[in-house]
Amino acid sequence: MINLANMSKQEKIIIGSLFGILLIVILIMFNPDNVSKERKPVQQAQSTEAKKGSFNTPRDLDVDTDGNIYVVDSRNHRIQKFSRENVFTAMWGKEGEDKGKFKEPCGIDMGPDGNIYVTDWGGRVQVFNKSGKFVRDFGKEKGLWGPRDVAVDKNGFVYVCDTGNGKIEKFDPQGKPAGTFGTKGAGKGQFNEPFGIKEGPDGKLYILDRKNYRVQILTTGGQYVNEFKVDGWADGQIVNGCLMEPYLAMDRQNGYIYITDSTNKRVLRYTLDGKKKKIIEKNDNGQPLFGCPLSVAYAGGGKIVVTDSGLNRLVSYIDRD
C-alpha cells in the first residue's frame, strides 16, 4: 500500500500523474465507441439457405411412377427430390411470392400429366415439371385461406382443400375454377378444416375432415357418399409437441388408405370403407418409428414413406400383413 504521508511533493505529483494516465486508459478501453469492430462480440447470422437433404417441418410428400420422392420442406420454402433409396437428387424454391417461390408450401400431388402440383400459404396452386421448372399457377382469384392439400384426379381436374374456408375448390386441367363444394359445419358434405385429400381407386374423393374427426367420401362433383370416423385425432393445432395436421395416401392396388395421427405418433391404415384398421407405430424391435408423423405417401410394394416433422426426417416402412 502506498503511504502518501512519507512522500515528497515531487513524488506525490508523479503518483498522481500515473493514476490520471491509468484512468484515461481505462475510460478509452471501456468506451464502446472506441472499441475496434474486430473486438466487438458479433452475433453469427443464420444462413438463409438450409443444407440440401435437411428439413425444417417437412409436410406433405408424393412419389412418382419411377419411385422418386418429392417432399414439401415447408419452413425452408422449397421442394426436395429424393431417389427411391432416399438419396437427395434435387431441390427448388425459396421464400417469396413470385412465380416458383413459396410461402410455407403444404400439399403436393402428382398429376396424370407428370407435373407436380403444390399448395402454399400464399393462397395458390403452383405447377412444376419433375425437374422443378415452373409451369403455371392458379387459384388466387378464389381467395384460398391456408390451403393444405391438393389432389389431381385421373382426368386432370384439381381439388384443393380450402382449409380456412371449410370447403373444397375444384379447377379444370387448365387451372380455371370448375366448382366449389362444402361449407363450414358438421353435417354431411360439410367441413371443419379439411386437410388431406386424395382420389381413391373407385374414383371418389377421400377428404380428411380434421375437426369433425372423420374421413368423408364424395364424388368428384361434390356429392356426399359416405364417411367414417378416425380414432385418436387430437383437438388443437399443436398437441404433444406435434402439429395436428393429418394427411393421407392411397394404396390403390390393395384398397388401403393410410392416414397420419401425428400427436399419437402413428400411422393408421384403413380399408376404403373404414371398417378395418391397422396401427403402424413401432418397428420389428418394438421401438417407436416416428417422432411426429405428418404426412405419408405410398411407394408401391407395401412401402410407405412418412415425413417425420418432429425429427425433421423421412421414414420408410414396409407394411406387411
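Taking segment 264-291 as the range and being assigned to a strand (DSSP E or B) and modelled with pLDDT of 95 or more as the test, the residues that pass are 266, 267, 268, 269, 270, 271, 278, 279, 280, 282, 288. Taken over segment 255-278, the residue count meeting the criterion of being closer than 17 Å to residue 199 by Cβ and either touching a Pro at 6+ places or on another chain (Cβ under 6 Å) or among the hydrophobic types (A, V, I, L, M, F, W, C) (or both) is 3.
For every residue, the table says whether it meets (1) in a loop (DSSP other than H, G, I, E, B); (2) at pLDDT below 95.
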site: 107; (1), (2): no, no
site: 112; (1), (2): yes, no
site: 122; (1), (2): yes, yes
site: 126; (1), (2): no, no
site: 137; (1), (2): no, no
site: 147; (1), (2): yes, no
site: 156; (1), (2): yes, no
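Residue check: residue 231 meets all listed conditions (1) acidic (Asp, Glu); (2) crowded, with 18+ Cβ neighbours inside 10 Å; (3) under 24 Å from residue 316 (Cα atoms) but one, namely (2). Each residue in segment 106-124 was checked for being under 10 Å from residue 150 (Cβ atoms) and touching a helix residue (DSSP H, G or I) at 6+ places or on another chain (Cβ under 7 Å), and 1 pass.
May I ask you to say which residue of 118, 71, 87 is loosely packed, with under 12 Cβ neighbours inside 10 Å, closer than 24 Å to residue 250 by Cα and at pLDDT 95 or above?
On the way: 118 fails: loosely packed, with under 12 Cβ neighbours inside 10 Å; 71 fails: loosely packed, with under 12 Cβ neighbours inside 10 Å.
After applying the criteria, what remains is 87.
Among the residues of segment 185-216, those that are in contact with a Phe, Trp or Tyr (Cβ under 7 Å, 6 or more places away or on another chain) and either part of a loop (DSSP other than H, G, I, E, B) or at pLDDT below 95 (or both) comprise 188, 189, 200, 213.
Report yes if some residue within segment 129-144 is closer than 21 Å to residue 297 by Cβ, buried (at least 18 other Cβ atoms within 10 Å of the Cβ) and not aliphatic (A, V, I, L, M); otherwise report no. Give the steps one after another, and end with the answer.
Keep residues of segment 129-144 that are closer than 21 Å to residue 297 by Cβ, which gives 129-132.
Still in the running and buried (at least 18 other Cβ atoms within 10 Å of the Cβ): none.
Checking segment 129-144: not a single residue is closer than 21 Å to residue 297 by Cβ, buried (at least 18 other Cβ atoms within 10 Å of the Cβ) and not aliphatic (A, V, I, L, M).
Being surrounded by fewer than 22 Cβ atoms within 10 Å (Cβ to Cβ) and aromatic (Phe, Trp, Tyr) is the filter; apply it to segment 163-218 and report the residue that is nearest to residue 251 (Cα to Cα). Restricting to residues being surrounded by fewer than 22 Cβ atoms within 10 Å (Cβ to Cβ) and aromatic (Phe, Trp, Tyr), the top hit is 213. For residue 260, the test of being β-branched (Val, Ile, Thr), part of a loop (DSSP other than H, G, I, E, B) and at negative phi is failed. Checking the stated criteria, residue 284 turns out to be loosely packed, with under 15 Cβ neighbours inside 10 Å and out of contact with any helix residue (DSSP H, G or I) (no Cβ under 8 Å at 6 or more places or on another chain).
The values are calculated or read from the model by the stated rules, or taken from the named source; none is laboratory data. Computed from a prediction, not measured in an experiment: that's the story for all the values here. We place every Cβ from the backbone using ideal geometry, glycine too, and count neighbours over all the protein chains shown.
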